[in-house]
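First the structure, in the form of structure tokens, and then the observations on it.
Values quoted throughout were computed directly from the atomic coordinates according to the rules given, and no laboratory measurement underlies them. Just so it is clear, the structure is predicted and the values come from calculations on it, not from any experiment. Cβ: placed from backbone, ideal geometry, glycine included. Neighbour counts: every protein chain shown.
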Amino acid sequence: MRQDQRIAFRKRFAFRCGYCGVRERDVGAELTIDHFQPGSKGGAHEPENWVYCCHACNEFKGDYW
Ligand SMILES: [Zn+2]
């Protein structure tokens, strides 16, 4: 992902985790990008299928959909 795309993506989620709502400022770092529908489950590698989320939520969710 290009830097400007990444920034636009973060803005779309208001710099917060799409699942639990924790802010980048609270975590002290950028969050991760999760595939809402995992690629292994046929999820598209498209921005529409991405959710900005924190490490905790990303790990918790894993491949579960
Ligand atoms: Zn979270």
Self-check item: Computed [θ] at 222 nm, deg cm²/dmol, the chain (DSSP H ≥ 4; -39,500 (n - 2.57); rounded to nearest 500)
Solution: -8000 deg cm²/dmol
Exercise. Highest first, please rank the peptides 45-53, 25-33 by the mean number of other Cβ atoms sitting within 10 Å of their residues.
Key: 45-53, 25-33
Quiz prompt | Rounded tilt (10° steps) of 3-12 against the dominant C-alpha axis of the chain | solution = 90
